[in-house]
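Take a look at the structure set out below.
The values are calculated or read from the model by the stated rules, or taken from the named source; none is laboratory data. Keep in mind the model is a prediction, meaning the values are calculated, not measured. Every residue, glycine among them, receives a Cβ derived from its backbone with ideal geometry; neighbour counts consider all protein chains shown.
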Amino acid sequence: MTSFDPFSEAQRLDPYPAYAELRRNSPVEKVEKSGAYAVARYADVAYVLRHPELFSSRTMMTAMANTIGSGFAGTALSPADAARIGEILKTMPIPIGEGMRGRSLIGADPPVHGPMRSLVNRGFTPRKISEIEARVRAIARAALDALDGKPDFDIVSEFFMPLPVTVISELLGVEPERRADFKRWSDCAVAAGTGGAGALGLVKALEGMSEFTTYLIDIVERRRRDPGDDLISTLIRAEEGETALTPMEVVMFTLLLLVAGNETTTNLLGNALLALMEHPDELARVRRDPRRIPALVEEALRYDGPIQYIFREANQDIELSGVTIPAGAMVLPLLGSANRDDAQFPDADRFDVSRNTQGHLAFGLGIHFCLGASLARLEARVALEELLPRFAHFERSEPHVQYVDSYLVRGPKHLPLRTARATALLG
């Protein structure tokens, strides 16, 4: 066994050197600390994702629940914090364990998965996505207008966050003006479920999750009394349909959609802008020809995707790259590593907006391909189409990047910039 640790701080800051070592020397590696099997090469990762009958998704929710538990076990708590955590857990509207045990889209296998996905997919059809482009563009322009005259700002909190939070809020039918709360609650859910609460702290993470679920329960009850043309109402209508969601499952579905609906795009945009600033020649190519922006989005997804890996469980003993993964073992398909595999993408460590990125795995593959991929692509394309012409120059005002407090989600938590408007430089 090597010293590869997908949950370490070093891996969070820069995962790609360790991925490269795994692909060269140990493409299926048993992780010493957890006993999980990390899968690094593109062909093997794609195989895992294409075969849900061999690799179950049921461990997605249990893995995140275990992360919260490991945060309790691995943190020295003051007596006051320990008492506060006990109080939160007793009064939480949906107990963490119960919420994690319910059916979830990301943790379901066939035959349960298909009807659940079909239900939620009604809000993400190609027609629905194309219909909201004008609204997405209006939201983007309004957010950028608010930056006029500001030579310094945090592009993440002032643009990359409010755009997708507002869009998914409107799709769900919740108040966009509470987007600061939604983002704070999303950060709590991500930190607690995929980062051990880290710098945020267990108390704040659990308090945020408790507030989040309390809010969602109230919204769901209001939609049950007065349904509308929104995703929450669609989920509620399924309580008596073929999928028969329970009230708790409606709340957990809504939480998942609200978190995933903003985290993916925010981090995709943050990673894309970082890559562009680190590769000024590629930025210049896109500026000269904005028609490259859709290709830029795909290359950013491949080069530094917002989700680094997911969880699966082996249903039987199975061999990959000469290693036998035993039945019941947790498996980590490393999406970020697969997308840097030279066997699939020649010279994969090079950021190239003209690259053929077909087949990248940033949104997964197979039956669990990201439901909101088309929405994230639309939001990222529109955001960059509006951002790049408006500013002629970007410069980071802080030398070090602080990443999201998560071992699974990757993106800059903050990205303070100094900018120059294009019109100012043109005189």
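Cβ separations smaller than 7 Å between residues 6+ apart or across chains give no pair from the stretch 214-230 residues that are under 13 Å from residue 255 (Cβ atoms) and modelled with pLDDT under 90 to residues that are assigned to a loop (DSSP other than H, G, I, E, B) and among the hydroxyl-bearing types (Ser, Thr, Tyr). Can you tell me which residue within the stretch 23-63, out of those that are of a type in the set (Lys, Arg) and either modelled with pLDDT of 95 or more or buried (at least 16 other Cβ atoms within 10 Å of the Cβ) (or both), is nearest to residue 368 (Cα to Cα)? Going through the qualifying residues, I end up with 50.
Taking residue 378, is it of a type in the set (A, V, I, L, M), touching a Leu at 6+ places or on another chain (Cβ under 8 Å), under 18 Å from residue 269 (Cβ atoms) and touching a residue at least 40 places away in the same chain (Cβ under 8 Å)? When the stated conditions are applied, residue 378 does not pass them. Selection over the stretch 5-46 of residues that are part of a loop (DSSP other than H, G, I, E, B), within 24 Å of residue 400 (Cβ to Cβ) and not small (Gly, Ala, Ser) gives a count of 5. In the stretch 372-427, which residue that is more than 24 Å from residue 190 (Cβ to Cβ), assigned to a strand (DSSP E or B) and of a type outside the set (Asp, Glu) is modelled with the lowest pLDDT? Selected residue: 421. Looking at the stretch 273-308, which of its residues are buried (at least 23 other Cβ atoms within 10 Å of the Cβ) and more than 22 Å from residue 378 (Cβ to Cβ)? Once the filter is applied, which keeps residues that are buried (at least 23 other Cβ atoms within 10 Å of the Cβ) and more than 22 Å from residue 378 (Cβ to Cβ), the stretch 273-308 yields only 308. The criterion of at least 3 residues that are more than 22 Å from residue 406 (Cβ to Cβ) and among the β-branched types (Val, Ile, Thr) is met by the following strands (runs of 3 or more DSSP E) wholly inside the stretch 248-347: 323-325.
Comparison of 110, 93, 15, 79 shows that the only residue that is surrounded by 14 or more Cβ atoms within 10 Å (Cβ to Cβ) and at pLDDT 75 or above is 15.
Regarding residue 346, is this residue exposed (fewer than 13 other Cβ atoms within 10 Å of the Cβ) and under 23 Å from residue 413 (Cα atoms)?
Numbers: exposed (fewer than 13 other Cβ atoms within 10 Å of the Cβ): yes; under 23 Å from residue 413 (Cα atoms): no.
It is false that residue 346 is exposed (fewer than 13 other Cβ atoms within 10 Å of the Cβ) and under 23 Å from residue 413 (Cα atoms).
The residue list 160, 124 contains one member that is under 21 Å from the mean Cα position of the chain (by Cα), over 21 Å from residue 404 (Cα atoms) and among the aromatic types (Phe, Trp, Tyr), which is 124.
In summary, residue 414 fulfils each of the numbered conditions (1) closer than 23 Å to residue 137 by Cβ; (2) within 22 Å of the chain's Cα centre (by Cα) with the single exception of condition (1). Checked against the criterion of being of a type in the set (A, V, I, L, M, F, W, C), within 24 Å of residue 121 (Cβ to Cβ) and more than 22 Å from the chain's Cα centre (by Cα), the candidates 251, 286, 220, 259 yield just one match: 220.
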